[in-house]
Amino acid sequence: MRVLGRILIILVLVTALGAGFEQWYTSQNQYSNHWIDEFFHTIKGNPVTKVEAKPPQMSRQKEGPTAKVKVFPLKQDKIEDAITTYGMVIATPGESSSFSVPFESLVRKVFITVGQVVEAGAQLIEVVPSPETQFQLEKAKSQFNLAKNQLDLMRKRIKMQLATRQNLLNAEQQLQISELRLKNLQNRNSGVPYKLFAKSSSVVSQVMVRQGQILPAGAILLETIDQNKISVQVGIEIEDIAYLKTGQKVRLYPVNAPDGHFIKGHIRMISQRVDPKTRLTNVLIMPEPGTRMLLNQYVRGEIAIKSHQSLVIPRNAVLPEGDHHILYLVKDNRAKKHKVTIGLDNDRVFEVFGEGLSAGLQVVVVGNSQLQDGMAVEIESN
């Protein structure tokens, strides 16, 4: 019993010494070796938890992110308040040339198509008299021959005193009428093929016939338009008509034309009627002489109604924020937010006003949506 008691006392002393040593060791080095931790946990009868030693980290001062942006200089430039409108190229009213034949005809051959450019003297269409026209011609010839024979017979009867002077006058009158009818048909070339030729260099704007079609006398077969006699018809909102006048300059931008390419023109006519289909007022614009445009080509028009010099910037540089607008300037590689007021604008630029704005300042135009005031930026080359 004494031996067992001594053993228990020794174990208690060892446990107490171990706990004290562990507390001292931990205070000296919190990253103790794994086998020492396991030893002390085993003595205390606790489950062993493996702890990975981590090296101490040096404290660093955190820096904010850097945004990559593109900039554009704020500049003093001319800005216009313009009306933007859309329309298409048409033949100028009253300037087209139409082709027809003076007798009922059959279309034998069509040599052209809509939109084709033809030179002066080029053959367009060939027609021949219709069966009815040929019948009328033969009938006129027969009536003329009959009237001529009747007059000869009446003259013989007069000599034989078998007819009166009035009978002779009637026979002469019938001959004159039949002769006029025959000459009329022959003068209209109704007895031979009829060919239509272009009068000048032009564009075929309409073809109303097809091969094999029978047409009445006087029917329009086709229309052409001189390339220098085209117009652009656009639609204008009713409330904008008050800003327009005849002769006012217009910039015309054909669809699919190179960016920035435009054609000069002026207003020729302002309609005093609202189009029932579009609910717009039609305005006719004349391009400058020598302009080459395609019939039915879509066109965007810009009509300046006032302009002045001011600070301007590309539209994508300005951002909405609440009930106002902002832009970001770059100074010392930092973004500086500025509240601005927008003046005139068009589809490319804004006129801007704001405290501290002047020509030459670098304004962020790409990447500004991710910026905050004071944020570090890196300017990319354009």
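Please specify each residue of segment 304-324 satisfying the condition of being part of a strand (DSSP E or B), touching a residue at least 24 places away in the same chain (Cβ under 8 Å) and farther than 30 Å from Gly247 by Cβ.
From segment 304-324, those part of a strand (DSSP E or B) are 304-314, 319-321, 324; that's our starting set.
Adding the requirement that they be touching a residue at least 24 places away in the same chain (Cβ under 8 Å) leaves 304-314, 319.
Result: Leu311, Ile313, Pro314, Leu319.
Is it fair to say Ala257 is hydrophobic (A, V, I, L, M, F, W, C), farther than 27 Å from Ser98 by Cα and not in a loop (DSSP other than H, G, I, E, B)? Let's see the steps before the verdict.
Values: hydrophobic (A, V, I, L, M, F, W, C): yes; farther than 27 Å from Ser98 by Cα: yes; not in a loop (DSSP other than H, G, I, E, B): no.
No.
Any idea which of (1) more than 32 Å from the chain's Cα centre (by Cα); (2) surrounded by 12 or more Cβ atoms within 10 Å (Cβ to Cβ) is the one Glu378 doesn't satisfy?
(2)
Being at pLDDT 90 or above, in a loop (DSSP other than H, G, I, E, B), among the small types (Gly, Ala, Ser) and more than 27 Å from Pro287 (Cα to Cα) is true for just one of Gly212, Gly191. Which residue is that?
Gly212
Right, Val312: touching an Asp or Glu at 6+ places or on another chain (Cβ under 6 Å) and not aromatic (Phe, Trp, Tyr) or not?
The answer is yes for Val312.
Could you identify the single residue in Val330, Val349 that is crowded, with 18+ Cβ neighbours inside 10 Å and at pLDDT below 90?
One residue alone meets the criteria, Val349.
Kindly provide the set of residues from segment 199-231 that are in contact with a Leu (Cβ under 9 Å, 6 or more places away or on another chain), farther than 28 Å from Leu137 by Cα and not hydroxyl-bearing (Ser, Thr, Tyr), ordered by number.
Val203, Val204, Gln206, Val207, Ile225, Ile230
Taking the options Lys245, Lys277, Lys249, name whichever one is surrounded by fewer than 17 Cβ atoms within 10 Å (Cβ to Cβ), out of contact with any strand residue (DSSP E or B) (no Cβ under 9 Å at 6 or more places or on another chain), basic (Lys, Arg) and more than 17 Å from Gln227 (Cα to Cα). Let's see the steps before the verdict.
On the way: Lys245 fails: out of contact with any strand residue (DSSP E or B) (no Cβ under 9 Å at 6 or more places or on another chain); Lys249 fails: out of contact with any strand residue (DSSP E or B) (no Cβ under 9 Å at 6 or more places or on another chain).
When all the criteria are applied, what remains is Lys277.
The values are calculated or read from the model by the stated rules, or taken from the named source; none is laboratory data. Please read these numbers as outputs of a predicted model, since none were measured by experiment. Note: ideal-geometry Cβ built from the backbone for every residue, glycine included; neighbour counts use all protein chains shown.
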